[in-house]
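Okay, so here's the structure we're looking at.
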Amino acid sequence: METEELVRICELLPEDKRVEVADFARFLLAREDDERWERLIAFDQHRPKLDAFLRQSAAEPSTPMDMDRL
């Protein structure tokens, strides 16, 4: 139902306002994706392979990026 109403509303709007509606819808989708990733990252479950990788990475020495080697 909402989709049909949104289409009717957009058809009544001038082109520049339809573009704004589409941009806002894209913004909402991007924000939803961000929130999904935040929920996944915050998921508090034991991840032995990830934990081992993070420990190993933290133990490795770090060196500044050498642009000549890229």
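The values are calculated or read from the model by the stated rules, or taken from the named source; none is laboratory data. Since this is a predicted model, take the numbers as computed values, not measurements. Don't worry about glycine lacking a Cβ; one is built from the backbone with ideal geometry, like all the others, and counts go over all protein chains shown.
Brief remarks on what is shown
- The condition of being out of contact with any Asp or Glu (no Cβ under 9 Å at 6 or more places or on another chain) and at pLDDT below 85 does not hold for residue 54.
- Hey, residue 31 charged (D, E, K, R), surrounded by 10 or more Cβ atoms within 10 Å (Cβ to Cβ) and under 23 Å from the mean Cα position of the chain (by Cα) or not: yes
- Matching residues, the range 13-22, being of a type in the set (Asp, Glu) and surrounded by 10 or more Cβ atoms within 10 Å (Cβ to Cβ): 20
- In the range 13-28, residue farthest from the chain's Cα centre (by Cα) [restricted to those that are of a type in the set (A, V, I, L, M, F, W, C) and in a helix (DSSP H, G or I)]: 19
- The set of residues from the range 38-70 being surrounded by fewer than 10 Cβ atoms within 10 Å (Cβ to Cβ) and among the aromatic types (Phe, Trp, Tyr) comprises just one member, 43.
- Qualifying residue in the range 32-50 (condition: in a helix (DSSP H, G or I), at pLDDT 90 or above, among the aliphatic types (A, V, I, L, M) and out of contact with any helix residue (DSSP H, G or I) (no Cβ under 7 Å at 6 or more places or on another chain)): no
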